[in-house]
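Please read the structure below before turning to the comments.
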Amino acid sequence: MSGQTIIVVGAGAAALSLAAAMPPSYQVIVITKKSANDSNSTLAQGGIATSILAEDTSYSHIEDTLYAGCGHNHFDIVKGAITDGKRLVQELIKHHFPFDVDNDGNLELGKEGAHSINRILHAGGDATGRMLIQYLLKQLGEHVILKEYETAADLWVENGRCTGVWTKDSAGKTHLRKADHVVIAAGGCGHLFQINTNNRSVTSDGLSLAYRAGAELTDLEFVQFHPTLLISDGVSYGLVSEAVRGEGAVLINQNGQPVMEGVHPLKDLAPRDIVARVLHQKQTEGARLFLDIRNISNFESRFPTISSLCEKAGIPIEEGQIPVSPGMHFLMGGVSVNKWGETTVPNLYVIGESACTGFHGANRLASNSLLECLVFGRRAAERIQSKKNLPVVNKKLHNPEEVVFAVPESTLEDIQKKMTKFVSIVRTAPELLKMKNWLEQLPVQIINVKEITNEQLELSHVWQTAKLMTQSALLRTESRGGHYRSDFPVKEDAIWKGKQIIHSVDGIKIRKNEGIGDHAIVQA
Ligand code: SIN
């Protein structure tokens, strides 16, 4: 009997895959600020990438991941995640996870940007994330307590180690929940930007909690803008999966001309950063953009989620054109962790999109993120079990009035609008500087954890993360993957290869990471 308590912040695929892997000798408390269905994982449409076909290999999947990642992936992490991920997907298949199959019972495999072969397993057509969350929730034993509508406000660090989480329940009451290990799996930071694909609850909380606790954050300049959000009359209705282009849809302008023709050999299935930039450029020139889906005969059965988004937006699918525009989708950077999800703060783990493992490099390969959640959720669970029982947690009372937040005198909408204007798909020094100065000069109110509202907490987190992201984007004087500077439009390998911009409460530093960069690829 370990008798240890693990607190998990977040309830997406990484959180639940860890919780499902912890044996009953541990008490696992999963805290999520909305319902268990409110996560980016639930919204994941594309699927899970792994090599299945006889003519496919993990080696090829690794190569595609490195190509998409633009020379900024950590090679050993990529290799390990792809090989371990394949084993975990095979486990899901063995346990009858309902991946879609054809009439002969063979797995249906989709294709997405920068994949050299069909290797995306999907479920419910385009509802893979939702089905994975439902599946994982069913795996949780009685030793896992799910606390919905409870917000993690701050981490508690004692004697240099993370020993708990300050939370606020749905009635606004403050608690200090003590734990032997704390795991953050709270998603990325989609709501730093006006137009995004993320669940409304994803406001960079995980990044901000870890930063405040003393952990290092890195690669925050690498932001993935998904090329195709369904946008009608300026309103975003959500993601139109890249899998739609994998089934043959083509990006066109208002005159029906294909916009990716002649731009990249993979055309509509070029890496996301490239497609998003082309669409952004076309829009700047006044074009309106659509996905031409006329050659997908089974659109509604293959993409039921997207079909219902179209219905909500009043877009008739039978007309064969879905209006699209790029928007913030995924953060490649995050809290620096090792292959086990361990941060620089003892007993604090970070997994999923909140973490930066080096797997995604400067631009994530499509459908590698649910894979990452499975791998790093399982690994963190194993690591925690390998740790010896720790000394009994100090029971002294702590004063919540000393736990304080700087809340800017602004609004979430205002920060989002400015981030979208100045720190978006195309960046320049004068605009980044303007943003940095504006963020830094905002007056702040200091509010303690008992008094602060959930809205003020989100505003504080978003403001903090926006400042760090803007500083990183200003510092990286090159273009690579999801970070494009029109004043430094090429990869500057001589200066930046393998370098990471690291933030901690002690300040910013640039550090060379020996694991990042070109490595001899050996057959996996
Ligand atoms: C998509 O379905 O296009 C998104 C999948 C992903 O982000 O991996």
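The values are calculated or read from the model by the stated rules, or taken from the named source; none is laboratory data. Predicted model, so just to flag it, every value in this text is computed and none were measured. FYI the Cβ positions are ideal-geometry reconstructions off the backbone, even for glycines, and counts take in every protein chain you see. When the accessible area is computed, the model is the full protein with side chains, heavy atoms only, and any ligands, DNA or RNA have been set aside. Shrake-Rupley method; radii C 1.70, N 1.55, O 1.52, S 1.80 Å.
How many residues are closer than 12 Å to GLN254 by Cβ and touching a residue at least 24 places away in the same chain (Cβ under 8 Å) if we restrict to segment 277-300? Qualifying residue count for the region: 7.
For segment 198-240, a tally of residues being over 18 Å from VAL335 (Cα atoms), more than 11 Å from the ligand (Cβ to nearest atom) and more than 16 Å from the chain's Cα centre (by Cα) returns 8. The condition of being without any contact (Cβ under 8 Å) to a residue 40 or more places away in the chain and part of a helix (DSSP H, G or I) holds for GLU431. Scanning segment 246-285 for residues that are among the charged types (D, E, K, R), open to solvent by 30 Å² or more (accessible area, probe 1.4 Å) and either within 14 Å of the ligand (Cβ to nearest atom) or closer than 21 Å to ASN298 by Cα (or both) turns up just one, GLU247.
From the list TYR67, TYR26, TYR59, the one residue that fits, being within 16 Å of the ligand (Cβ to nearest atom), more than 24 Å from PHE303 (Cβ to Cβ) and open to solvent by 10 Å² or more (accessible area, probe 1.4 Å), is TYR67.
Among the residues of segment 442-470, the one identified as more than 16 Å from GLU401 (Cβ to Cβ), surrounded by fewer than 20 Cβ atoms within 10 Å (Cβ to Cβ) and acidic (Asp, Glu) is GLU455. Scanning segment 484-510 for residues that are touching a residue at least 24 places away in the same chain (Cβ under 8 Å) and not in a loop (DSSP other than H, G, I, E, B) yields ARG485, ASP493, GLN500, ILE501, ILE502, HIS503, SER504, ILE508, ILE510. Take the conditions (1) within 16 Å of the ligand (Cβ to nearest atom); (2) open to solvent by less than 20 Å² (accessible area, probe 1.4 Å); ALA36 misses just one of them, which is (1). Screening SER25, SER41, SER51 for residues that are under 29 Å from ALA362 (Cα atoms) and at pLDDT 95 or above leaves exactly one candidate, SER51. May I ask you to list the residues in segment 92-137 that are of a type in the set (Val, Ile, Thr), open to solvent by less than 50 Å² (accessible area, probe 1.4 Å) and either farther than 28 Å from SER35 by Cβ or more than 14 Å from the ligand (Cβ to nearest atom) (or both)? ILE117, ILE133, listed by residue number.
Within segment 355-368, residues that are more than 19 Å from LYS497 (Cα to Cα) reach partners that are more than 12 Å from the ligand (Cβ to nearest atom) and part of a loop (DSSP other than H, G, I, E, B) with beta carbons closer than 6 Å, at six or more positions or on different chains, in the pairs ALA355/VAL337. Test LYS173 against the stated conditions and say whether it is of a type in the set (Lys, Arg) and touching a Leu at 6+ places or on another chain (Cβ under 9 Å). No, not satisfied. When ALA243 is tested against (1) within 14 Å of the ligand (Cβ to nearest atom); (2) assigned to a loop (DSSP other than H, G, I, E, B), only condition (2) is not met. Determine whether LYS86 is away from the ligand (no atom under 16 Å from the Cβ), in a helix (DSSP H, G or I), without any contact (Cβ under 8 Å) to a residue 40 or more places away in the chain and open to solvent by 20 Å² or more (accessible area, probe 1.4 Å). Criteria met by LYS86.
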